[in-house]
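Quick notes on the structure that follows.
The values are calculated or read from the model by the stated rules, or taken from the named source; none is laboratory data. Remember, predicted model here, so these are calculated numbers, not experimental data. Glycine gets a Cβ as well: all are built from the backbone with ideal geometry, and neighbour counts include every protein chain shown.
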Amino acid sequence: MKAPRLFLGAIVLFWGWQVQTIWIAIALALILESSHMVKSKFVFKPSDFNKFFDVCMVFFAGIIVISLTLEPEKAILIILKWLPLVFFPLITAQEFSVNGTIDSRAFFIVQRKRLKADIYDSKEIDISFLYSLFCILSSATANSKGPLFFVIVVLFFVWGLWQVRSRRVSFFLWMFCIFITILLGYVGHNAIRLTRIKINQWMMEYYAGYYADNPFKNFTALGEIGRLKLSDKIILRVWFQDYIEDKTYRLHTSSYTGFSKSNWFSGYGFKSVENGHDKTFWQINPLVNPRKKMTAYFRSSRENAVLTLPSGVLTISEIKALALKKNAMQSVRVEKIPSLIKYVVSYTGNLSYDAPPSDMDLQVPGNELPGIEKIIEELSLDKISDQEILNTIRNYFLTEYTYSLDLKGKQDQATPLQNFLNSTKSGHCEFFATATTLLLRKAKIPARYATGYMAHEYSLLGNHLIVRQRDAHAWSKAFINGQWINFDTTPPQFLEMDNQKVETSIISDFFSFLGFKLSQLRHETGAKLMNQYGLWLILPLGLTLFLRLRRSNRIKRIKLSGKSIDDTKQNPNDSPFYLIETKIVQQGFPRHSYETYSSWFARIMHHFDNENLNNELQILLQVHNRYCFSSSGLKKVEKIKFNSDIKNILERLIIARI
Amino acid sequence: MLYRFFYKSYSLFYVLRHWRKRHFTPAGGMIITAVILSGILGFNILKTNLYQVLAFGLSIMLVSFVYSLFRFRLKVTINRILPEYATVGNKSVYEIEIKNLSSNTQKGLILYEEIQDPRPPLKFLLSKKEPFEHLRNAWDRKTLYFRWLWLTEKNRKARFSPIKLPALPAGETIRVAAKFVPRFRGYINFSGFTFARPDALGIFNRVHQVKKKQKMLFLPKQYKLKTPQLVSTRQYHPGGICLASSIGNSDEFMSLRNYRPGDPLRNVHWRSFAKTQELVIKEFEDEYFVRHIIILDTFLNSGNEKLFESAVSIASSYITPLKTHEAIFDLMFAGNNVNSFFWGRGLGHSKKMLEILACVEPCENKKVFDLGPTLEADLKKISSAICIFLGWDEGHKKVYQLFKKALVPISIIVLAENKLLMEEKIFQDKAAMAHIKVVQSDQILEMLGKG
Amino acid sequence: MDELNYQWGHGIFKRLAANMEIVIKGQKECIRYILAGLASSGHILLEDNPGTGKTTLAKALAKSIDVDFKRIQFTPDLLPSDILGVSIFDPSQKLFKFHNGPVFTNILLADEINRASPRTQSALLESMAEGQVSIDGTILNLEKMFFVIATQNPVESSGTYPLPEAQMDRFAMQLKLGYVAREQEVAILSEQQEKHPIHTLSPCVTLKEILDLRFMVNQVFIAKELKLYMVDIVNKTREQIGISLGASPRATIALMKTAQALAVFDNQSFITSDHIQEIAVSVIAHRLVLDPQSSFSGVTPKSVVEDILRSIPVPV
């Protein structure tokens, strides 16, 4: 089964177009298709093919190594993407070989050398269709949107199926079957896609709770018992353009509006943001002045993440993400990011872009009301102005409460929060933030619950601020005087407690820094290098191997004779009878070169439906034979009659196929 | 127990593979590969477009499958026109004649040859060892997979590729040529044919089986070998018939004697009658047939069947070019009894010998070469001997001594896996080296071939 | 030569063939070729199973021409003198008189030639080639029209000495009669129910007419490209793989002559490539010696010649 002409070239070009390596693809396609035009081809032995196969295996191993170091999560896709290039040497060898096929023993030589297995028949395999399949699978990894991919793949399949169609069926029946297939395929692939999306969504919702940066639901530790465990792991490294020493920077991840059963919820959906002229630039909000700049490096284990940003984000740039979405709470979600992601943020620092308050922002869940109302009454929050409410609440928490990582649960109170408010008066930031938000709401100030990180630790190693997992923080946002502000009531002791822990983690920090630098190198510079230069290193490898093979005289060149095997001899005579032959051949009844006219007519006779035609031909054949082979030939009169008879019969010579 | 499990699974794989080969075209195999690969690799829908390839591939398979459900009606008579023999290692061509008995033209059919089930029984799998099996790694030896492959190939004897038939017009007969290369000697039993009709897209086949039993014999592999120059003790005698067929008149005439009633008149020597007026009869020499013997050792105790096959091939390679005008030849080997066949001088044809060699099997019950006693009896009749031995033990030594003592010119070929080891074993006696050649089974042509 | 003569030659053929077909049913092709052998002065080797009508065929031919016919049954103990003749002393005249052997005849049927010893075979074949016999110093010429039909059983039977290659070359053609079709065999039964038709067969052609026919055959014109074609075919047999001995120039000559005879039978004064292709196998196949290895691979001389014909473009 051989791929038709231009099929390989076309499919390689398709591959190049899809995965955006069009120049390489053009080169490959030209090489492959030029095999049809060269005058001489090579005779390859199975051991020669084996060498080509080895080269492909080397490429293959190389691709595996490269993909695993660069982007391990996407290794399979990268390998798939370059598959056509990996196997290019082998298909080229096949196209330029005399037979046009590869002896199957070539794949076995290495293993079976010792056994000299001759029970394995040498089967001639044509890998052109297999190679085309690789190209299609590879093109699919480009994940181009829109119907064009499907249409083109269908066209290639149809082109290929045309070669193998059963001669039995008429053209129309075959087209009908193809049409049904295309229809089914179209319906099928859409169905698959929709099902998968549905499953995806369902899975996401099911597992949503376990995502730490879930913008839809935040699990707090309010209901837990024990001690809050916080990890030292560095998750963020930030540079501030206007960095002031020892200043603590507040970074926001998500905000929530609904509280129920110890968890905060947000119902705000995400809308896509279009990227700018540069694929790494995203305009979140309209530009205003003055604005500040922050650069951050964030290590993500998943390919989608919610960014940790300062307040009032305007633009995000220099970020390698495929898509970016934001919600009304100014949470930014990015998709398809590498494991180490860099982003540059231009921001204002105030919360002017947060969505205006809604009814949700004033709701207090029923089971918490007693505790909240008690405090409101205690502090007489319903009688004073908004600004005074803020001051009072802040003072209240600062003086009467302590920061602690102990989790007491709800003990004998109705809820853990009430336990916090009434009994323990001690807890971590989530308690403070939750309590503050609910109090504000009951006091008729719209409030939201916000989560994020506090960047306060300066690292000498990188000259930047490092943010650890335990720097995660929660606070309140209050809507006062027509704008949102951050309202943090957690006692500042938490920062001091963090600072104590720093010494023990110097070594791990050092390694973490090393790892960071390496990743930075790989992702930024390494990728660039590979993309531009890596490929050009591999191609000369193949070329030198090929030249070496040729020089060692192991590959013979065979000049293809220009003539085909069934070559008809040039007739020395000029008998007009040859025109009859031409006409019959044109109608689809070829004559073998070894057949005489009589035996040829005998063979195709049953297609002639005209008896008279038969007889006339026989008579003319006799005259022709006399003209060619007898000593006397034809007399002038006879020759003239012969010519006219031939002319006559040529007009009537239509042979219908039965 | 474990082996029975292996056996059952290999059996099952064979059946499945056979079914797959008949019911899927190569294009079908490609589509299935596409579906499997895109299914596995494209599992995460959102990352690639592979699900589109998967969907299209599945729909092709579905449409083909539905189409192939249409009934396949075929009425034909079919016959193989087989040559008399084929030789292992040489391409053989034969024709298949098909007559379409139905009333419509059949197009686009594919023809498969079917042979008798080549799967070996369990006891063979356990007992017969594949040649060079000790070179395989431990895993392969334990699972016996390659032994299974070898035994199946041995039974199958040759591989036949499917034939794309041209259009079969109604009521007409067509002939197609088929070719194959036999791999093992012996009888091959054809059981029938399978006609496969691909569906419209060319993916699935609908099959129709026709039974046609035929048998054919594959002769052992032939090499171009140098016939050993066996100097016979009859060198200086007038050769009788031998001389006559090349020169013409011979010195057959021996003597004259008196006429006895009953002697044929045409033997009367008329010149003497002219002189003496008495009838005198010419007496002619008794023709002496030169008798050469080829001894084939069938006592295979190393279990290496490749050695035995090489021995059979060497024997048949020597037999083929023998000029049977001059002498009688004898082939001797041991089976259940000692078998001796002779041919030459109008007593049979070397083709029959090759047929016998094609079917010869190693001797199961005895292990030691003991043709000595049988040879002793016929020693006087033998003019020269070629011996093909599979080893060198007491029995072989005895035969060698026997021939040496009787001054019979002899050429011995000993087949061995390891040339050097065997040579050490044999060559304590320097004189023996002239007559004995040790050959490794992969070096037959180098050591014995025509230079 | 003008057309009229060739019509005469065509007529002779038709008469002979029709006459023979009275006796031999269903062997039209074989009769045609045998007559071609006769007309081209070549000898025929019939290889066939016993009882297929070889002797009857030879007898019918002999009777149709009204010439002398002798038959030799070859046996293993046959001596050359039994074929050529022997000098016998005649006491009354005190002279050795030579008694002619069966070879001194017009049409000789040498039955089962492969059963005789090689010495005896050579005796016959040498005389066929030379056209004369030399015994005891004297040279005796054979008849002007001397035509041998030799038969042999297929070589597998035991007790046979297959003809050596050099001797096979002396026969212009090797033909096979074979068993006839069902209907024909029934017709044979009906015909021979009471008596054999050969007994009532009468001659339809004279010896002189045959000699004239032979002369006419030699005059048939052969175009240059057809000569090249014949030479190409025979040359190819020498190069073909699997053939250890190809056909000799004798084969080319035999091919040419029999083609000429066929042309006369077809009422033509020139040969065409159809004639060549028609008898190529019969003329060439038996002269080829296969490699022992090829012969055991199912290759037959017939298939080799057919392959060669298919591989050379034919002049049209």
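Summary table below
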{"quantity": "Residue match in the stretch A:50-69 (condition: surrounded by fewer than 17 Cβ atoms within 10 Å (Cβ to Cβ) and not in a helix (DSSP H, G or I))", "calculated": "no"}
{"quantity": "Residue match in the stretch C:279-291 (condition: within 14 Å of chain B (Cβ to nearest Cβ), more than 20 Å from the chain's Cα centre (by Cα) and touching a residue at least 40 places away in the same chain (Cβ under 8 Å))", "calculated": "yes"}
{"quantity": "Among residues of the stretch A:233-262, those that are among the polar types (S, T, N, Q) and either surrounded by 16 or more Cβ atoms within 10 Å (Cβ to Cβ) or within 32 Å of the chain's Cα centre (by Cα) (or both), counted", "calculated": "5"}
{"quantity": "Test result for C:Ser127, modelled with pLDDT of 85 or more and hydroxyl-bearing (Ser, Thr, Tyr)", "calculated": "yes"}
{"quantity": "Scope the stretch B:189-224; condition away from chain A (no Cβ under 14 Å) and either free of Cβ contacts under 8 Å to residues at least 40 places away in the same chain or outside any strand (DSSP E or B) (or both); matching residues", "calculated": "B:Lys211, B:Lys213, B:Lys215, B:Pro220, B:Gln222, B:Tyr223, B:Lys224"}
{"quantity": "Hits in the stretch C:254-276 (condition: of a type in the set (A, V, I, L, M) and within 19 Å of C:Glu306 (Cα to Cα))", "calculated": "C:Ala254, C:Leu255, C:Met256, C:Ala259, C:Ile276"}
{"quantity": "Leading residue by the ranking (modelled with the highest pLDDT) among those in the stretch C:289-316 that are touching a strand residue (DSSP E or B) at 6+ places or on another chain (Cβ under 9 Å) and farther than 18 Å from B:Lys351 by Cα", "calculated": "C:Val304"}
{"quantity": "Lone qualifier among C:Gly26, C:Gly9, C:Gly37 - being surrounded by 15 or more Cβ atoms within 10 Å (Cβ to Cβ), under 17 Å from the mean Cα position of the chain (by Cα) and more than 14 Å from chain B (Cβ to nearest Cβ)", "calculated": "C:Gly37"}
{"quantity": "Residue match in the stretch A:297-304 (condition: in a loop (DSSP other than H, G, I, E, B), over 30 Å from A:Phe479 (Cα atoms), acidic (Asp, Glu) and free of Cβ contacts under 8 Å to residues at least 40 places away in the same chain)", "calculated": "no"}
{"quantity": "Breaking point among (1) facing chain A (nearest Cβ under 10 Å); (2) among the aliphatic types (A, V, I, L, M); (3) surrounded by 20 or more Cβ atoms within 10 Å (Cβ to Cβ), for B:Ala167", "calculated": "(3)"}
{"quantity": "A:His464 touching a Cys at 6+ places or on another chain (Cβ under 8 Å) and either under 26 Å from A:Tyr343 (Cα atoms) or at pLDDT below 75 (or both)", "calculated": "no"}
{"quantity": "Residue check for B:Thr25: among the β-branched types (Val, Ile, Thr), in contact with a strand residue (DSSP E or B) (Cβ under 9 Å, 6 or more places away or on another chain), surrounded by 13 or more Cβ atoms within 10 Å (Cβ to Cβ) and within 14 Å of chain C (Cβ to nearest Cβ)", "calculated": "no"}
{"quantity": "Helices (runs of 4 or more DSSP H) fully within the stretch C:140-246 counting 3 or more residues that are charged (D, E, K, R) and surrounded by fewer than 18 Cβ atoms within 10 Å (Cβ to Cβ)", "calculated": "C:182-191, C:207-219, C:224-239"}
{"quantity": "When residues of the stretch C:45-94 are limited to those that are charged (D, E, K, R), assigned to a loop (DSSP other than H, G, I, E, B) and without any contact (Cβ under 8 Å) to a residue 60 or more places away in the chain, the one nearest to the other protein chains (Cβ to nearest Cβ)", "calculated": "C:Lys94"}
{"quantity": "Of all residues in the stretch A:585-602 being assigned to a helix (DSSP H, G or I) and within 12 Å of another protein chain (Cβ to nearest Cβ), the one that is surrounded by the most Cβ atoms within 10 Å (Cβ to Cβ)", "calculated": "A:Tyr597"}
{"quantity": "Tally of residues being at pLDDT below 65 and within 14 Å of another protein chain (Cβ to nearest Cβ) across the stretch B:235-274", "calculated": "15"}
{"quantity": "Residues located in the stretch A:78-111, provided they are in a helix (DSSP H, G or I) and modelled with pLDDT under 80", "calculated": "A:Ser104, A:Arg105, A:Ala106, A:Phe107, A:Ile109, A:Val110, A:Gln111"}
{"quantity": "Count of residues meeting criterion [buried (at least 22 other Cβ atoms within 10 Å of the Cβ) and more than 9 Å from every other protein chain (Cβ to nearest Cβ)] in the stretch C:302-316", "calculated": "3"}
{"quantity": "Residue within the stretch B:37-52 that is within 20 Å of A:Leu161 (Cβ to Cβ), among the β-branched types (Val, Ile, Thr) and outside the structural domain of B:Leu144 (by TED's automatic domain parsing) present", "calculated": "no"}
{"quantity": "Failed item, numbered, when A:Phe42 is tested on (1) more than 20 Å from the chain's Cα centre (by Cα); (2) modelled with pLDDT of 80 or more", "calculated": "(2)"}
{"quantity": "Filter pass, C:Val133 being farther than 30 Å from C:Ile243 by Cβ, more than 12 Å from chain B (Cβ to nearest Cβ) and not in a strand (DSSP E or B)", "calculated": "no"}
{"quantity": "Looking only at the stretch A:322-351, and only at residues there that are more than 16 Å from A:Gln283 (Cβ to Cβ), out of contact with any helix residue (DSSP H, G or I) (no Cβ under 9 Å at 6 or more places or on another chain) and among the small types (Gly, Ala, Ser), the one that is surrounded by the fewest Cβ atoms within 10 Å (Cβ to Cβ)", "calculated": "A:Gly349"}
{"quantity": "Residue among B:Leu74, B:Leu111, B:Leu126 that is touching a His at 6+ places or on another chain (Cβ under 8 Å) and either crowded, with 18+ Cβ neighbours inside 10 Å or away from chain C (no Cβ under 14 Å) (or both)", "calculated": "B:Leu74"}
{"quantity": "Residues within the stretch B:90-108 that are closer than 30 Å to B:Leu354 by Cβ and surrounded by 19 or more Cβ atoms within 10 Å (Cβ to Cβ), tallied", "calculated": "3"}
{"quantity": "Exclusive hit being free of Cβ contacts under 8 Å to residues at least 24 places away in the same chain and in the same structural domain as A:Gly409 (by TED's automatic domain parsing), set A:His277, A:His252", "calculated": "A:His277"}
{"quantity": "Hits in the stretch A:603-627 - residues which are of a type in the set (D, E, K, R) and either part of a helix (DSSP H, G or I) or at pLDDT 75 or above (or both)", "calculated": "A:Arg603, A:Glu611, A:Glu616, A:Arg626"}
{"quantity": "Residues (in a helix (DSSP H, G or I) and buried (at least 20 other Cβ atoms within 10 Å of the Cβ)) located in the stretch A:157-173", "calculated": "A:Phe157, A:Gly160, A:Leu161"}
